[in-house]
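Read-outs throughout are calculated quantities, based only on the coordinates presented, and are distinct from any laboratory measurement. For clarity, every value in this text was computed on a predicted model and none was experimentally measured. Here the Cβ is made from the backbone with ideal geometry for all residues, glycine too, and neighbour counts use every protein chain on show.
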Amino acid sequence: MEVPVANSSSGESVIHRAVRILSVFGPRAQSRGLREIAREADLPVSTVHRILNELEVEGLVSRDQSGRWTLGNRLWEIASRGAEASDLRKAALPPMEDVVQALQVHISLSVLDGTDALYVERLAPDEFVVNITEVAGRLPAHACSAGLMLTAFGPTEQQELMLRRRLEKLTENTITDPHELRALFARIREQGYAAMEGIIVAESSGISVPVYGRGGEVIAALTVIRHRGQEDLNVIVPQLRFASRATSRRLGVVLDSHRVRRLMG
């Protein structure tokens with residue numbers, strides 16, 4: 001199929017509109033009706049119908065027996081070839097499983113994507129702790145320990161991008177003041193982890209540590225979710241740091257003595 005590249009009257013390319021359509025689908029909305037997709041993508045029904053038919057030819061979407069649309073296996077196949085995220089997930093899974101087995105906690109692996117924490121993997125022994133993360137889901141970076149930790153260890157431009165935005169206060173503990181966030185970034189870099197209480201879900205806390213890449217940069221976050229008041233940092237942080245070191249080692253990263261000291265506290 002020859003993909004049209006002409007812009008719409010609004011100036012959007014077909015690819016841009018296709019991405020808007022595909023973005024409507026999510027972990028909690030795996031099938032959608034045509035008009036529902038059009039409404040959420042904010043596109044005309046006729047446009048959505050045409051693009052969906054083109055995507056269906058390529059196997060990127062499919063229709064179930066009721067006529068509702070779902071993401072196709074071909075899309076999963078192509079996305080799975082993303083070597084960086086796939087390699088990261090494969091490297092992190094065994095250490096994450098060790099943490100779950102040892103501490104019986106929820107643990108997730110995430111990367112920074114723009115101003116969001118994007119979750120690559122998630123493991124949980126039970127559902128008694130409120131954990132709203134989903135694999136391939138996003139949370140605003142300013143409102144989760146992983147996002148704050150990744151931003152703190154990221155480039156200054158990334159921090160300034162967050163500080164310039166109008167940040168939503170999701171709970172009474174969500175930090176939105178730029179001066180407070182600057183101080184928080186400095187504290188996270190100094191201590192080598194982020195521990196945040198109730199900043200996105202009032203009853204839960206997140207504890208995150210960095211995962212280092214080959215160039216010495218922080219490439220991901222490992223995060224444990226606990227009930228507030230049950231953080232037990234003296235136990236959780238060392239376990240997470242051990243898992244982080246194991247993940248980096250499985251990626252072929254040789255940590256220098258400075259980063260080893262930071263990871264080991």
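A P(r) calculated from all alpha carbon pairs of segment 83-264, with 10 Å bins opening at zero, reads 10, 42, 37, 10, 0 percent. Using the average count of surrounding beta-carbon atoms within 10 Å as a protection proxy, the listed peptides 207-215, 142-150 rank, highest first, as 142-150, 207-215.
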